[in-house]
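The values are calculated or read from the model by the stated rules, or taken from the named source; none is laboratory data. Bear in mind the structure is a predicted one, so any value in this text is a computation, not a measurement. FYI the Cβ positions are ideal-geometry reconstructions off the backbone, even for glycines, and counts take in every protein chain you see. Each accessible area value is taken on the protein alone, full model and side chains, heavy atoms only, with ligands, DNA and RNA left out. Shrake-Rupley method; radii C 1.70, N 1.55, O 1.52, S 1.80 Å.
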Amino acid sequence: VFFFSCSVLSKRMKRLTSAFIGLLLVAFLLVASNSPSHTVEAAQGGGTACAGCTMILTIVLDLAAIHNKAVDKALEDYCSILPTPIATPCIDFLDKYGALLVKLVAEGASSDDICHSLGVCTLPQCRLFPQKKGLHFERVTTLTAETGGLFQWIEDAINRFANLHDPVFDVDGDYFSDTGTFRGAYWRGKDCDPLSADVYPGRNSTTLPPEFDHNCNGIKGTNRQHQSYEDLYCGSSDPRGVIILGDSATAHFRLPPQYLNASAITASTYDHVLFWGENEFDWPHRSWGTGHLNDTTGDCTGPLQSIYLQMRQRNLCNHRDYQNIGVNGARSGAMQPPGIINSMARKQTSDHPALVFYALVGNDVCHPSPSTSAFTTPQEFEQNVLSSLNYLDANLPPNSHVVFVGLVDGRVLWDTMHNRTHPIGCTYPEFYDYLNCLEISPCWGWLNSNATVRDETSAAAKSLNQVYKQIIAQYTFKNFDMVYYDFPLIPVFTYWIAKGGAPYELIEPSDGFHPSQITNALVAEYLFGQLERDHPDFIGPVNPNNAQIQSLFGDQGGY
């Protein structure tokens with residue numbers, strides 16, 4: 001079994017290696033965070049490759065201006081600070097097209113003009129920056145897969161990586177891992193015995209002796225009376241895990257803005273880019289649902305709070321019992337079985353109950369296509385959600401709970417960001433319109449200069465939220481009860497502004513779309529406070545043995 005597992009692991013590593021080395025380029029394509037089908041669809045005007053070309057060359061042109069260098073020298077410097085696997089195609093591109101870049105820039109070409117001249121972008125009307133009067137550049141070449149792989153690689157990398165939602169390093173097949181990234185311990189509790197499928201976070205019953213930490217919560221052994229510490233301190237404490245089913249807002253997608261701002265780029269800016277690429281540029285360990293680690297890289301600073309941390313504080317027996325099943329771009333149709341929800345790890349007969357958040361907060365009304373016809377209808381939404389609930393009922397232990405978190409009213413995004421400048425140098429309206437023109441926007445409906453479209457999108461989101469309330473009123477399930485809460489974006493904005501904060505600080509600057517680190521922490525506090533007030537049975541009692549656990553077991557093995 002071990003050698004077979006290692007063989008499978010080796011094959012998966014090959015797939016992952018080929019995928020993650022291109023993720024810096026993927027990072028520049030913010031649409032990757034919300035592709036509704038989890039694969040890159042054909043888009044007009046060059047799509048994601050066009051956007052990647054334009055944004056990367058914008059950074060290079062800015063670097064050339066800041067440091068008073070020729071564009072080919074600026075690109076050479078830029079390539080040199082990238083991690084080696086990514087630097088190679090960057091240098092190949094420089095060798096083949098450096099002279100052409102110098103010529104075009106000397107003639108006054110912008111990054112838009114260059115990418116159109118290279119044939120990466122094909123629609124003249126799709127521009128990140130306004131066109132200079134009197135300048136026009138014809139296409140001078142067309143990049144092929146062999147000569148222009150730098151930008152085609154972007155789309156290929158997204159497609160290769162998009163469907164990997166289970167832990168990659170999982171030799172024993174229990175859906176938990178002792179490796180942080182690749183859907184490992186950053187996403188779900190650390191596996192303290194990666195070679196035993198009977199040892200994993202959240203396990204309740206076991207045949208192992210008390211010297212074994214069968215549920216990885218760091219509590220093991222016996223006292224002088226030969227009583228198991230697990231039974232003594234946790235047995236009657238009503239422990240439970242936290243499982244978050246959701247999208248990129250659940251996974252906490254974030255592209256550090258310094259990656260896109262030439263004036264902030266230094267030799268160390270991209271030091272951790274491959275590492276975060278292994279996490280799909282998500283930060284589940286800093287998210288509102290499952291956050292548990294402080295940032296030590298400077299790439300995701302800000303306050304840390306989560307549902308899981310507050311559950312753990314309430315009962316230290318809950319240590320490491322968390323799962324973030326958030327997938328960039330997830331919609332209700334993709335969540336239902338046999339889809340994303342199948343990567344949830346919970347055994348009905350041997351595991352603790354779970355507090356499950358079903359939190360698809362936008363993608364059912366967010367789509368790159370410029371039409372409301374791409375929205376999920378209330379009828380489709382009800383069918384999808386019920387399918388997921390039936391799966392949960394067949395897999396969750398009894399006495400679990402499900403919290404629906406509604407779709408946001410995303411009009412606040414435009415209202416907050418429309419008069420600000422994006423890190424790449426354009427305005428947010430120019431940025432939104434550019435992605436919409438290429439039909440690669442994460443949300444055509446809300447990231448739109450047309451107020452009527454924004455209003456229609458919010459109305460559609462409201463109609464889907466109503467479905468949750470109808471399901472709660474009309475259906476019951478054997479192993480869990482249900483409650484609904486709005487995604488608390490408006491209360492969070494109100495609170496933050498009252499404290500003297502600026503509204504834009506609550507939205508990720510790189511995409512003008514996702515909740516920031518500050519918002520994640522405030523959402524966690526707000527939702528947990530609502531449950532504590534309205535449904536204390538959902539979160540369980542405070543464990544009176546917490547002090548003894550901390551005294552004996554310290555940080556319980558950490559993360």
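Is there a quick way to get the dipole size of the stretch 206-329? I mean about its Cα centre, with the Cβ of Lys and Arg at +1 and of Asp and Glu at -1; what is the value in debye to the nearest 20? Each step should come with its number before you reach the end.
Values: 8 positive and 13 negative charges, 71 e Å.
Here the size comes out at about 340 debye.
Counting DSSP beta bridges with both partners in the stretch 385-532, what percentage is antiparallel, nearest 5?
Details: 2 of 8 bridges.
Restricted to the stretch 385-532, the bridges split so that about 25 percent are antiparallel.
Reported to two decimal places, what Rg/Rh ratio describes the stretch 266-385 when computed on Cα atoms with Rh from the Kirkwood expression? Don't jump to the answer; show the numbers that get you there.
Values: Rg = 17.5 Å, Rh = 17.0 Å.
With Rh from the inverse mean 1/r over Cα pairs, Rg/Rh is 1.03.
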**Asked** Hey, rough spin-label estimate for Q550 and F477, points 7 angstrom out along Cα→Cβ, what's it come to in nanometres?
**Response** 3.4 nm
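Once the convex hull of the alpha carbons of the stretch 160-262 is built, what does its volume come to per residue, in cubic angstrom?
Working: hull volume 15.1 nm³, N = 103.
With only Cα atoms used, the stretch 160-262 gives 147 Å³ per residue.
Counting alpha carbon pairs within less than 8 Å and at least 6 residues apart, what relative contact order, in whole percent, applies to the stretch 453-558? Walk me through the numbers on the way to the answer.
Working: 39 pairs, mean separation 16.4, N = 106.
Computed value for the stretch 453-558: 15 percent relative contact order.
How far, in nm, would the chain grow between Q313 and T377 when pulled straight, counting 0.36 nm per residue and subtracting the alpha carbon separation?
Values: separation 64, 0.36 × 64 = 23.04 nm, distance 3.98 nm.
In short, 19.1 nm is gained.
Between rounded, prolate and oblate, where does the stretch 291-354 land on the alpha carbon gyration tensor, with a ≥ b ≥ c its root eigenvalues, rounded for a/c under 1.5, else prolate if a/b exceeds b/c? Numbers along the way, then the final one.
On the way: a/c = 2.94, a/b = 1.22, b/c = 2.41.
Oblate is the answer for the stretch 291-354, as a/c is 1.5 or above yet b/c matches or exceeds a/b.
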**Asked** Among V403, F182, G202, whose Cα sits farthest toward the positive end of the charge dipole of the chain (+1 at Cβ of Lys/Arg, -1 at Cβ of Asp/Glu, about the Cα centre)?
**Response** V403
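Over all directions, what mean area does the Cα convex hull of the stretch 414-469 project, stated in square nanometres? Please list the in-between numbers first.
Numbers: hull surface 18.0 nm².
Orientation-averaged projected area of the Cα hull: 4.5 nm².
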**Asked** Per 5 Å bin, what percent of the C-alpha pairs of the stretch 257-315 does each bin hold, from zero upward?
**Response** 4, 16, 23, 22, 15, 10, 6, 3, 1, 0
**Complete:** Ordering S458, S371 by the accessible surface of their heavy atoms, 1.4 Å probe, largest first, yields S371, S458
**Message:** Can you report the principal axis dimensions of the stretch 355-513 using only the alpha carbons, biggest first, rounded to whole angstrom?
**Reply:** 53, 39, 24
**Request:** Taking every pair of alpha-carbon atoms in the stretch 229-331, give the share separated by more than 17 Å as a whole percent.
**Result:** 59 percent
**Prompt:** To the nearest 10 square angstrom, how much accessible area does V102 have with a 1.4 angstrom probe?
**Reply:** 60 Å²
**Request:** Return the ratio Rg/(2.2 N^0.38 Å) for the stretch 420-559, where Rg is computed over Cα atoms only.
**Result:** 1.43
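Mean separation of Cα pairs under 8 Å and 6+ residues apart, divided by the residue count of the chain: what relative contact order is that in percent? Provide the component values of the computation, followed by the final result.
Working: 1050 pairs, mean separation 97.9, N = 559.
After rounding, I find 18 percent.
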**Prompt:** Ignoring ligands, DNA and RNA, how do D282, D193 rank by accessible area with a 1.4 Å probe, largest first?
**Reply:** D193, D282
**Request:** Read through the labelled values (i) 26; (ii) 30; (iii) 16 and report the label of the one computed as percent of Cα pairs over 46 Å apart from the structure.
**Result:** (iii)
**Asked** Using alpha carbon coordinates only, what is the Rg to Rh ratio of the stretch 492-557, with Rh defined as the Kirkwood radius?
**Response** 1.16
**Asked** Simple spin-label model, 7 Å along Cα-to-Cβ: K73 to Q466 in nm?
**Response** 6.4 nm
**Message:** What is the percent carbon and sulfur in the accessible area of the stretch 367-484, measuring with a 1.4 Å probe over the protein chains and ignoring ligands?
**Reply:** 45 percent
**Request:** Please work out the FRET efficiency for the pair A197 and A394, using the Cβ-Cβ distance as r and a Förster radius of 30 Å; give the result to the nearest 0.05.
**Result:** 0.90
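Can you give the accessible area per residue of the chain, in Å², using a 1.4 Å probe?
Working: 21390 Å² over 559 residues.
Dividing the accessible area of the chain by its residue count gives 38 Å².
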**Message:** Placing unit charges on C-beta atoms (Lys and Arg positive, Asp and Glu negative, everything else neutral), compute the dipole magnitude of the chain about its Cα centre in debye, rounded to 20.
**Reply:** 140 debye
**Message:** As I understand it, the dipole of the chain uses +1 on the Cβ of Lys and Arg and -1 on the Cβ of Asp and Glu, about the Cα centre. Which of C317, P503, S463 lies farthest toward its positive end?
**Reply:** P503
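Any idea what diffusion coefficient the stretch 381-449 gets from Stokes-Einstein, in µm²/s, Kirkwood Rh on alpha carbon pairs, 4 °C, 1.567 mPa s? All intermediate terms of the calculation are to be shown ahead of the outcome.
On the way: Rh = 15.2 Å.
Reported coefficient: 85 µm²/s.
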**Förster radius 35 Å - calculated FRET efficiency between I66 and D415 (Cβ-Cβ, nearest 0.05)** = 0.60
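At 0.36 nm per residue, minus the direct Cα-Cα distance, what do F275 and T122 gain on full extension? Give it in nm, one decimal, please. It would help to have the intermediate numbers written out before the result.
Working: separation 153, 0.36 × 153 = 55.08 nm, distance 3.31 nm.
Full extension of this stretch gives 51.8 nm more.
Looking only at the chain, where both bridge partners belong to it, what percent of the DSSP beta bridges are antiparallel (to the nearest 5)? Walk me through the numbers on the way to the answer.
Working: 6 of 27 bridges.
Counting only bridges with both partners in the chain, antiparallel ones make up about 20 percent.
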**Prompt:** By accessible area of protein heavy atoms, probe 1.4 Å, what ranking do E230, E508 get, highest first?
**Reply:** E230, E508
**Prompt:** Taking R0 as 51 Å, what's the FRET efficiency between A498 and V102 from their Cβ-Cβ distance, rounded to 0.05?
**Reply:** 0.45
